[in-house]
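Here is the structure we will look at.
The values are calculated or read from the model by the stated rules, or taken from the named source; none is laboratory data. Quick caveat, the model's predicted, so the values are computed rather than measured. All Cβ positions, even for glycine, are placed from backbone atoms using ideal geometry, and neighbour counts span all protein chains on display. Accessible surface is based on the protein model in full, side chains and every heavy atom, while ligands, DNA and RNA are left aside. Shrake-Rupley method; radii C 1.70, N 1.55, O 1.52, S 1.80 Å.
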Amino acid sequence: MGNGTATADLDTALEKHRTELTGYCYRMLGSSFEAEDAVQDTLVRAWRSYDKFEGRSSLRSWLYRIATNVCLDMLTAGNKRARPMDLTESTPLAQAALSPRPDNTWLEPVPDARVLPAVGDPAEAAVAKESIRLAFMAALQQLPPKQRAVLILREVLAWKASEVAELLDTTVASVNSALQRARATLAEREAAGDQGAVSDPLDEEQQKLLERYVKAFEGYDMAALTALLHEDAVMTMPPFDLWLRGPADITGFMTTLGASCAGSRLLPVTANGLPGFAHYKPDPDNGGFSPWAVQVLELSDGRITGFHCFLDTKRWFPLFGLPLHLEAESEEVEKSG
């Protein structure tokens, strides 16, 4: 067999694992861009050292071992990504100020398609989706890196304790104890009410809720929006550390500091296993609409509980494959057509 064919075969074999490895690195690192870098690094290392791979494990577990080491190296800097509510208390609207923090502070959104490989089993697909939700991702970021790896490998990817021990060069006992500690930390956070539930796929009631939300938001109808928000709903806007709680402060913000969003357009996206929208606001200079945010919504009991706006559009819109401008007229034609 010619070397070219062997190389092409290896490329194909490695490439098959890209999506699931990106999902793994994303859960480890909390950043969609760092996850892509980590996977690239993993595949390059695998490529270079393939002659040392003796096939004692499967190619997949070998790749996970490399990816885990890449992520643990990246995490030694001690950077824990977070949501605004993990860092500060909520701000009353009267004191709302928009102060940005650096990119590497924040837990980043990710398009489902980049991190969720197609699986036939609906139960497995549901677990994978739940494990990239913002609340779960934020909880993962609170765990020390090794515990984080153990929890993801055992609970999300359903590896056996012995397989994880081998991957981490440790004992089954230490894997089990890391898993117990990680579960305890997550249970504390859940007890503090840190989970937005969403059925998968969205049920009819949730679909209707989203339709009403789009109508209320595009119409900038604050009474209609208030009716859809849970009394404890939270609004966040990374890179700003400001976050608001409750419909009065959220709608108050939208009609004051956020008033230029009146007349916006929303296009549906899926991010972090949750429903979301690309938010375009009117562009007074060029006509049409320019990108403003990727919104990710958490729903529970027929209400919106989380309303998370990721504002760094130059990074997010290309990642989600979204256009950087919407025309006004063609948009109307599409809507009526």
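Quick notes on this structure:
- Amide H contacts under 5 Å for E298, placed H, 5+ residues apart: T305, G306, F307, H308
- Cross-link pairs K215/K314; K80/K281; K16/K52; K16/K160 - those with Cα-Cα distance over 30 Å: K80/K281
- In this structure T19 has an accessible area near 50 Å², from a 1.4 Å probe over the protein heavy atoms.
- Overall form of the range 66-132 per C-alpha gyration tensor (a/c, 1.5; a/b vs b/c): oblate
- Here is the list for the range 70-174: GluC sites (Glu not before Pro) lying in DSSP coil, each with at most 12 other C-beta atoms within 10 angstrom of its C-beta, are E89.
- Degrees separating the helix 18-29 axis from the principal Cα axis of the chain, which is the longest one: 70 degrees
- Probe 1.4 Å, protein heavy atoms only - accessible area per residue of the chain in square angstrom: 47 Å²
- Remark: the range 283-294, residue by residue, has Karplus-estimated 3J(HN,Hα) of 10, x, 6, 10, x, x, 9, 10, x, 10, 6, 9 Hz, where x stands for each Gly or Pro and the curve is 6.51 cos²θ - 1.76 cosθ + 1.60 at θ = phi - 60°.
- Dipole magnitude (debye, nearest 20) for the range 1-56, charges at Cβ of Lys, Arg, Asp, Glu: 180 debye
- Largest accessible area first, the listed residues K281, K129, K215, K146 line up as K215, K146, K129, K281 when surface is computed with a 1.4 Å probe on the assembled protein chains.
- Whole-Hz couplings from phi, Karplus 6.51/-1.76/1.60, listed for the range 92-98; x for Gly and Pro: x, 3, 4, 9, 5, 9, 9
- Tilt relative to the chain, helix 204-218 - C-alpha long axis, 0 to 90 degrees, to 10: 50 degrees
- When its C-alpha radius of gyration is set against 2.2 N^0.38 Å (N residues), the range 193-291 gives a value of 1.12.
- The range 101-188 shape via C-alpha gyration tensor axes, a/c threshold 1.5: oblate
- Here the 3J(HN,Hα) profile of the range 6-14, calculated from phi with Karplus coefficients 6.51, -1.76 and 1.60 at θ = phi - 60°, is 4, 4, 5, 5, 5, 3, 5, 4, 6 Hz, Gly and Pro shown as x.
- Carbon/sulfur fraction of accessible area - the range 241-337, other protein chains in place, 1.4 Å, %: 55 percent
- Rolling a 1.4 Å probe over the protein heavy atoms of the range 105-222, with every protein chain left in place, gives an accessible area that is 53 percent carbon and sulfur.
- Amide hydrogen proximity for M237: with H placed 1.01 Å from N in the peptide plane, the residues at 5 or more positions away or on another chain lying under 5 Å are C309.
- Cα shape, the range 237-337, gyration tensor, a/c 1.5 rule: prolate
- Dipole of the range 48-112, positive direction: furthest Cα of S90, N69, P100, with charges on the beta-carbon: N69
- Built amide H within the under 5 Å cut-off of W106, gap 5+: A82
- Percent of alpha-carbon pairs separated by more than 31 Å within the chain: 37 percent
- Once the Cα atoms are used to define both axes, helix 59-75 deviates from the longest principal axis of the chain by about 60 degrees.
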